[in-house]
Amino acid sequence: MKPVTEEWVMKAEGDFAMLERESRARKNPNYDGICFHAQQCAEKYLKARLCEAGIFFAKIHDLVALLEQTLAVEPFWVIYRQDLAFLTDFSVSYRYPGESADKDCAKDARNRCRVFRKAARLSLGLIA
């Protein structure tokens, strides 16, 4: 694996650890934070896969746009389009007043992230 790919994976795993830790919080869990880190984890795994394939990508947070580029090397990832579209909104709009996630939304984001993370890790030759 390329060193830059490894860096993306490490950062993705940091976001995954944050969302998992916050998901276990019993007192005042930050649902917006869970959703944000779910989006960030997926984004970084998409960028890791693109890096590994040598495909240039812009500095964007739109997971569907990143997925479109990734489909050249991972055509079966088309099944994650809806999940990634759902997660995309958490990159920016939920970080500001006017939008807030609730427990069910955070659980949904976490579960969608977990599923995509598993596929991304398998693609990169990592243990799921």
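Beta carbons closer than 9 Å, at least 6 apart along the sequence or on distinct chains, pair a first residue in the stretch 72-87 that is part of a helix (DSSP H, G or I) with a second that is of a type in the set (Ser, Thr, Tyr) for Trp77/Thr70; Trp77/Ser123. Do the conditions hold for Lys59, that is, is it modelled with pLDDT under 95 and not aliphatic (A, V, I, L, M)? So Lys59 passes the test.
Rundown of residues vs (1) among the hydrophobic types (A, V, I, L, M, F, W, C); (2) surrounded by fewer than 19 Cβ atoms within 10 Å (Cβ to Cβ); (3) on the phi < 0 side of the Ramachandran plot, yes/no style:
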{"site": "Glu13", "(1), (2), (3)": "no, yes, yes"}
{"site": "Phe16", "(1), (2), (3)": "yes, no, yes"}
{"site": "Lys27", "(1), (2), (3)": "no, yes, yes"}
{"site": "Gly33", "(1), (2), (3)": "no, no, yes"}
{"site": "Phe36", "(1), (2), (3)": "yes, no, yes"}
{"site": "Lys47", "(1), (2), (3)": "no, no, yes"}
{"site": "Phe56", "(1), (2), (3)": "yes, yes, yes"}
{"site": "Leu63", "(1), (2), (3)": "yes, no, yes"}
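Is there a residue being over 27 Å from Pro29 (Cα atoms) and part of a helix (DSSP H, G or I) anywhere in the stretch 111-118? Scanning the stretch 111-118 turns up no residue that is over 27 Å from Pro29 (Cα atoms) and part of a helix (DSSP H, G or I).
The values are calculated or read from the model by the stated rules, or taken from the named source; none is laboratory data. All values derive from a computational prediction rather than experimental measurement. No Cβ is skipped: glycine too gets one built from the backbone with ideal geometry, and neighbour counts run over all protein chains shown.
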